[in-house]
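Below is one structure, written out as structure tokens, with a few remarks after it.
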Amino acid sequence: MKNPTILEARGLSKHFEVKDGFFSRETKTVRAVNDLNFEISKGETLALVGESGCGKTTTTRLLLRLQNPTQGVINFEGKDVHSLTGADLKRFRSRVQAVFQDPWSSINPRVRIRDFVAEPLIVNETLTSGEVDRRVHEALDAVGLGPAHARKYPHEFSGGQRQRIAIASAIVTRPDLVILDEPVSGLDVSIRSQIINLLKDMQQEYGISYILVAHDLATTRYLADKVAVMYLGSIIETGDTDQIFDHPRHPYTEALLSAALPSSPTEKNREIVLKGEIPSPLSPPDGCPFHPRCPKVVGNICSTAFPQLAAETPQVQVGCHIYK
Ligand SMILES: Nc1ncnc2c1ncn2[C@@H]1O[C@H](COP(=O)(O)OP(=O)(O)OP(=O)(O)O)[C@@H](O)[C@H]1O
Ligand SMILES: [Mg+2]
């Protein structure tokens with residue numbers, strides 16, 4: 001039986017009004033995220049992939065209530081995240097946590113690790129100081145750090161240890177969902193696989209769901225059960241990770257994956273080089289957002305009609321006119 005859905009996005013869009021130049025009073029609209037639909041089940045990892053600027057971080061910020069959607073809803077345990085108040089909001093803030101690429105950029109260097117890790121507990125739950133200590137030690141233990149580290153200060157740690165501490169702080173409330181935006185990008189390659197394995201082990205042990213944003217597609221493939229491939233703010237292909245990596249259907253997914261794979265002498269794995277640049281989300285093209293760069297345009301329809309996602313297999317949905 002399928003695990004219960006814990007979070008879903010329906011028709012989610014975020015548009016930013018920006019000034020049209022320094023001296024101008026006119027504004028223009030940046031369409032950062034357009035009509036996203038996805039859901040995530042208990043214990044599952046959904047990865048958002050796509051080139052820089054396609055809307056991944058904006059999506060995670062909407063999920064975390066750091067920004068309000070222009071349209072659409074996000075439901076967590078069946079309740080609209082952006083309408084939560086009081087006890088429901090407190091519960092959401094404790095159940096949903098995040099780990100970013102550089103969680104230390106905002107940390108106070110005079111705060112002890114114990115207090116940094118404990119913060120989500122102290123803000124969202126009512127516990128005695130002894131209980132907080134116990135939970136901090138438990139979280140540090142889960143990320144492979146002993147309780148003695150709790151008394152230390154940030155500068156005493158290496159990059160990999162710091163990311164472990166950030167993860168400890170994200171799991172200290174025993175959350176249901178952790179949002180990971182580039183969790184290993186700032187780390188040395190030698191440390192990355194340790195952190196990735198740690199995330200995977202913790203998921204198996206605690207049944208946490210993850211929403212993962214990672215440029216590194218090898219990391220994505222290893223951690224994610226499902227992927228959503230984004231281009232200019234829209235999901236253009238989504239579904240089961242193995243099916244999409246083994247058999248990408250959208251020409252953009254094909255190009256994205258071919259560029260990430262190690263070069264191979266076989267024709268099949270040859271890198272597909274796309275023409276042109278990603279268009280600006282200030283003036284996205286009509287029709288399919290990918291059509292100006294697509295090597296497989298099938299006709300006028302590509303420049304006139306937006307291709308809605310449609311099921312290609314029971315596990316994969318694709319938004320491309322080739323498949324209509
Ligand atoms: N506050 C904002 N005001 C105006 N435009 C914004 C704002 N935040 C994001 N954008 C724009 O929205 C688009 C999506 O940005 P976002 O940061 O979500 O992309 P991303 O997929 O996370 O990229 P990266 O891989 O580089 O992190 C970009 O064009 C960005 O410039
Ligand atoms: Mg980002």
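Values quoted throughout were computed directly from the atomic coordinates according to the rules given, and no laboratory measurement underlies them. Small disclaimer: the values here were computed from a predicted structure and weren't measured. Cβ atoms come from the backbone with ideal geometry, glycine included; neighbour counts cover every protein chain shown.
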Practice task
Using only alpha carbons, build the gyration tensor for the stretch 110-182 and give me the equivalent ellipsoid semi-axes, biggest first, whole Å.
Solution key: 18, 16, 11
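For the stretch 121-269, what's the relative contact order in percent, using C-alpha pairs closer than 8 Å and at least 6 residues apart? Working shown, then result.
Details: 130 pairs, mean separation 22.0, N = 149.
In percent, rounded to a whole number, it is 15.
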Problem - Global geometry of the stretch 1-133, whether rounded, prolate or oblate, following the gyration tensor of its Cα atoms and the 1.5 cut on a/c - result: oblate
Practice task
Would you mind checking which residues have amide H under 5 Å from Asn34's amide H? H placed 1.01 Å from N; only 5 or more apart, or other chain.
Solution key: Lys14, Ser234
Handout entry: Proxy reagent accessibility, fewest Cβ within 10 Å first, across Phe306, Phe92, Phe22
Key = Phe22, Phe306, Phe92
Completion exercise
Toy charge model, Lys and Arg Cβ at +1, Asp and Glu Cβ at -1: the stretch 153-281 dipole around Cα centroid in debye, rounded to 20, equals 80
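Indicate the gyration tensor shape class of the stretch 152-191 (rounded, prolate or oblate), computed on the Cα atoms with a ≥ b ≥ c the square roots of the eigenvalues: a/c under 1.5 is rounded; otherwise a/b larger than b/c is prolate and the rest oblate.
Numbers: a/c = 3.06, a/b = 1.28, b/c = 2.38.
Taking the square roots of the gyration eigenvalues as a ≥ b ≥ c, the stretch 152-191 is oblate.
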Practice task
Determine the equivalent ellipsoid of the stretch 1-61 by diagonalising the alpha-carbon gyration tensor, then write out the semi-axes as square roots of 5 times the eigenvalues, largest first, rounded to whole Å.
Solution key: 33, 12, 7
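Could you calculate, for the stretch 81-146, the ratio of the Cα radius of gyration to the Kirkwood radius, expressed as Rg to Rh?
Values: Rg = 13.4 Å, Rh = 13.4 Å.
Using only Cα positions, Rg/Rh for the stretch 81-146 is 1.00.
By average Cβ neighbour count within 10 Å, what is the ranking of 308-319, 56-67 from highest down? Intermediate results must be reported in sequence, preceding the final value.
On the way: 308-319: 16.1, 56-67: 20.6.
Sorting 308-319, 56-67 by mean packing, highest first, produces 56-67, 308-319.
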Problem - Cβ-derived FRET efficiency at R0 45 Å, Lys19 paired with Glu271, nearest 0.05 - result: 0.70
Exercise for the section: Evaluate the stretch 58-170: find the radius of gyration of its Cα atoms, find its Kirkwood radius, and give the ratio Rg to Rh. Expected result: 1.01
Practice task
Just name one of Gly130, Ile113, Pro183: the one whose Cα is farthest towards the positive end of the charge dipole of the stretch 113-206 (beta-carbon charges, Lys/Arg +1, Asp/Glu -1).
Solution key: Ile113
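Relative to the compact globular guide of 2.2 N^0.38 Å, what is the alpha carbon radius of gyration of the chain, as a ratio? Spell out each step's value before the answer.
Values: Rg = 21.0 Å, N = 324, 2.2 N^0.38 = 19.8 Å.
Here the answer is 1.06, to two decimals.
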Problem - Cβ-based charge dipole, the stretch 122-222, positive-most Cα from Ile167, Ala139, His155 - result: His155
Problem - Long pairs among Lys56/Lys226; Lys42/Lys226; Lys56/Lys275; Lys14/Lys42; Lys90/Lys200, criterion Cα-Cα beyond 20 Å - result: Lys56/Lys275; Lys14/Lys42; Lys90/Lys200
Problem - Tilt relative to the chain, helix 113-124 - C-alpha long axis, 0 to 90 degrees, to 10 - result: 70
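Summing +1 for each Lys or Arg and -1 for each Asp or Glu, what net charge is found among the other residues whose Cβ lies under 15 Å from the Cβ of His215?
-2
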Completion exercise
Rounded to the nearest whole number, the per residue volume of the convex hull around the C-alpha atoms of the stretch 198-244 in Å³ is 81
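For the chain, calculate the relative contact order in percent as a whole number, restricting contacts to Cα pairs under 8 Å that are 6 or more residues apart. Please list the in-between numbers first.
On the way: 585 pairs, mean separation 60.8, N = 324.
19 percent.
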